[in-house]
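Worksheet: one structure, shown below.
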Amino acid sequence: MTSPAPAVAAHDLTKRYPGGVTALDGLSLTVAAGTVVGLLGPNGAGKSTTVKILTTLARPDAGTAMVAGRDVLRHPDRVRRAIGVVAQKSGADPVATGRENLLLQGRLYGLRGAALAARTAELLARFDLTQAAGRPVRTYSGGMQRRLDVALGLMHRPQVLFLDEPTTGLDPQARTAMWEEIGRLAGEEGLTILLTTHYLEEADRLAERIAIVDRGRVVAEGTPADLKGELRGDAVHVELAQAPDPVTAGLLRAALGEFAGVRDTVVDGRRVSARADDGPATVPHVLAALERQGAAVASVTVARPSLDDVYLRYAGRRFHEADTAPAPLPAAAAGGAR
Ligand code: ADP
């Protein structure tokens, strides 16, 4: 059953690390009970710091956070009993077997005897590990290790599960299997899941809502469809045979700007990009206008807005570009970046 109170309610979290790095700069986040929410953002955006605070591993300098109805600062022990954490780095003992890992985890949470045995067997079956239960974890494939990690996080039946990049390093098949498993956990068992991810596709597939984190704040929040819908219309990309000179580029921009429903025209080298309310219907007019200006067209594509376009809009750069060039701002500049 979902309860009306949010599973996570964080307000204005601020965290500054020694050396002057502002990791969180007033981050607020609400996660409704029984939903899957994806925290998306480039390296250094503040995702891990947020998760550390919500899981009681770090304290904010300012701000408040309630998880499963408990205050992370006042009752960290109660929060810990209500949450499961699956860290990026496996917490399983590689020398012990899968079953031994689960038994130990259960004992740490006070399970004993028949209840412990039953929960262990249930989780092994649930995560398709019964056959491998007696083998040392170091012999497991990446996908099996990840499934065991999730099983360990669920041992004490938490209300909120934190998944830190659950499919990083998995091959595509294991990744798809893990996505299905996470989807089932949320759907059938009503668990609340907060996942951090580097993969736009993962967030798009799994998360009912997405919070885009950039430079220590949530810069956009909503369902993937809402976020994409806000961009209104399709992306039209034209590749010209050769880059126009600046005067011609200006003429091209002006020519496209005359069409109703076409906006945000950018001419960048040989690439002309614009947004159009109805991309397919607009293409013939755009091509005709370009040719009237003497610009030969090499190729044209029309695409529905993607999460990457959403990311570009809110973070001011492409997701993968942001990811490869983490650029945390010094404390003083972080607030006024956009
Ligand atoms: P993400 O998980 O989105 O990659 P983090 O929360 O790990 O981001 O980091 C946010 C910022 O805080 C980064 O600039 C990072 O370098 C910095 N940071 C994180 N942990 C520490 C730490 N223990 N000491 C100093 N700086 C840190």
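What the table below lists for this structure:
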read-out	value
Dimensions in Å of the stretch 1-147 - Rg and Dmax from alpha carbons	18.0, 52
Semi-axes of the equivalent ellipsoid for the chain, Cα gyration tensor, largest first, Å	45, 23, 17
Within the chain, percent of DSSP bridges classed antiparallel, to nearest 5	70
Charge sum, other residues only, whose C-beta stays under 14 Å from ILE83's C-beta, Lys/Arg counted +1 and Asp/Glu -1	+3
Value at 222 nm in deg cm²/dmol, rounded to 500, when DSSP H runs of n ≥ 4 in the chain each add -39,500 (n - 2.57)	-11000 deg cm²/dmol
Point-charge dipole on Cβ atoms (K/R +1, D/E -1) for the stretch 232-304, about Cα centre, debye to 20	100
Neighbour net charge for GLU100 - beta-carbon separation under 12 angstrom, K R +1, D E -1	+2
Mean Cα-pair separation over length for the stretch 236-312, i.e. relative contact order, pairs under 8 Å, 6 or more apart, %	42
Peptide ranges 236-243, 201-208 listed from the most packed, as the mean C-beta count within 10 angstrom indicates	201-208, 236-243
Contact order normalised by residue count of the chain, Cα under 8 Å, 6+ apart, percent	21
Cα centroid separation - the stretch 43-94 against the stretch 120-184, whole Å	20
Burial ranking of peptide ranges 273-281, 35-43 (average Cβ count within 10 Å, highest at the top)	35-43, 273-281
Dipole moment magnitude, nearest 20 debye, the chain about Cα centre, only Lys, Arg, Asp, Glu C-beta charged	1280
Charge dipole of the chain about the Cα centre (unit charges at C-beta), most positive-ward option of ALA174, SER90, ALA303	SER90
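Laboratory data are not the source of any read-out in this text; all were calculated from the coordinates shown. Just so it is clear, the structure is predicted and the values come from calculations on it, not from any experiment. Cβ: placed from backbone, ideal geometry, glycine included. Neighbour counts: every protein chain shown.
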